[in-house]
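Contents: one structure, followed by commentary.
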Amino acid sequence: MMRPSKKLGIIHIISISGLHVQVIAKLIEKLLYLLRIRRKQTKIITGLALIIFIFIGNEQVGLVRAVVSYWVALILANVFKVKLNPLDQLGLGFICHSLIDPLMITTIGGQLSYFLVLILILTQNMSYSKQAVYLNLTSLPLLLYYFYSYNIFTSLYNFMAIPLFDYIILPIVLLSFLYPLVPLVFDGIACLLIKLFDVLSYVGQLDYGMVNFGKPEFVIMMLLIGLTIASFTFERMKLGLVMTMVVMYSMAYILIHFPFYGQVTFVDVGQGDSIVLTTPIKRRVVMIDTGGRLSFGKTTNTKSIVEKNNSTVFKRSRYFKN
């Protein structure tokens with residue numbers, strides 16, 4: 001599931017899937033209200049149910065983020081009588097989550113989960129289409145930094161995938177809790193869900209629209225993220241900021257594919273190291289791989305292999321010109 005999501009550029013939907021916890025929480029609260037349970041007890045029972053849901057969801061970062069934020073808001077509202085705005089709730093949730101799992105923020109899932117929810121909060125007054133565009137643009141530098149490629153049809157895939165997740169996959173997952181009541185029906189639904197994932201995997205393997213951009217420098221990535229956020233925050237400077245972004249993406253691409261400095265790379269090929277030499281601006285790439293043959297159960301003349309390697313090192317080097 002993760003691999004095709006990366007290729008199609010819809011991994012952020014999985015990263016912020018914890019937003020669906022709000023739907024689950026509302027359903028549980030509604031059920032408890034119908035059972036005439038008091039509001040305070042309802043909130044606590046819902047919070048405990050969501051903790052169980054974390055383990056059902058294999059402790060996925062987005063789920064943990066959403067549940068921790070729910071408990072932060074619940075404790076502050078009932079104990080300290082403080083109502084948080086979305087940004088404060090996200091920030092306090094991040095602090096608590098970091099105390100529980102300090103390494104969370106070092107993972108791509110943790111970074112995307114909090115970062116994209118922040119963008120959703122900042123763009124909450126925008127239309128659905130504009131919000132989707134900015135969500136893709138702000139996540140692009142981070143995705144390039146980790147995955148080195150981008151799909152030019154990402155926006156199209158997002159418009160198709162979001163309704164799929166919201167109106168088909170999420171309801172199926174929620175209804176799966178009723179499996180013991182109607183097992184045959186849910187067996188058919190499970191097959192349908194598997195087929196949907198198979199289609200997603202197939203489309204991801206086609207590689208249509210994939211651009212191998214390369215890995216930008218960390219500083220460039222942070223600057224691009226900052227420029228993107230500024231472009232929808234400062235409307236008057238929007239055109240200039242967008243042009244600056246285009247120039248930075250172009251320069252980053254050129255520097256990655258035509259570097260001004262040479263490079264020596266050691267590649268582990270299983271039986272030793274292969275050496276790849278790259279000249280500046282990639283005018284020439286040289287691969288050196290001169291290992292001897294393996295022998296099993298036979299005596300090997302080490303001296304002859306060394307002599308052979310010394311005499312054929314240039315013959316066995318392969319040159320590839322761009």
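The values are calculated or read from the model by the stated rules, or taken from the named source; none is laboratory data. What you are looking at is a predicted structure, and each value in this text was computed from that prediction instead of being measured. These area figures cover heavy atoms from the full protein model, side chains too; ligands, DNA and RNA do not enter into them. Shrake-Rupley method; radii C 1.70, N 1.55, O 1.52, S 1.80 Å.
Would you mind calculating the gained length between Val247 and Cys191 on full extension (0.36 nm times residue separation, minus the Cα-Cα distance), in nm to one decimal? Write out the running numbers ahead of the final one.
Values: separation 56, 0.36 × 56 = 20.16 nm, distance 4.72 nm.
Extra length from Val247 to Cys191 when fully extended: 15.4 nm.
Checking the a/c ratio against 1.5 first, then a/b against b/c, what shape does the Cα gyration tensor give for the range 61-126? Intermediate results must be reported in sequence, preceding the final value.
Numbers: a/c = 2.60, a/b = 1.20, b/c = 2.17.
Judged from the Cα gyration tensor, the range 61-126 comes out oblate (a/c at least 1.5, b/c at or above a/b).
With every protein chain kept in place and ligands, DNA and RNA left out, what is the accessible area per residue of the range 47-93? Probe 1.4 Å, answer in Å². Kindly include the intermediate steps, with their values, before the conclusion.
Details: 2590 Å² over 47 residues.
Normalised by residue count, the accessible surface of the range 47-93 is 55 Å².
What three numbers, in Å, describe the spread of the alpha carbons of the range 18-110 along their principal axes, ordered from the longest?
In descending order, the Cα extents are 44, 30, 18 Å.
How many percent of the accessible area of the range 233-289 is carbon or sulfur, using a 1.4 Å probe? Kindly include the intermediate steps, with their values, before the conclusion.
Values: 2830 of 4210 Å².
Using a 1.4 Å probe with all protein chains present, the range 233-289 comes out at 67 percent carbon and sulfur.
Would you kindly derive the ³J(HN,Hα) couplings of the range 25-30 from the backbone phi angles with the Karplus curve 6.51 cos²θ - 1.76 cosθ + 1.60 (θ = phi - 60°), listing them in order in whole Hz, with x for Gly and Pro?
Result, ordered by residue: 4, 5, 5, 5, 4, 4 Hz.
How big is D, in µm² s⁻¹, for the range 94-147 by Stokes-Einstein at 37 °C and 0.692 mPa s if Rh is the Kirkwood radius over C-alpha pairs? Could the numbers behind the result be given before it?
Values: Rh = 12.1 Å.
Taking Rh from Cα pairs, D becomes 271 µm²/s.
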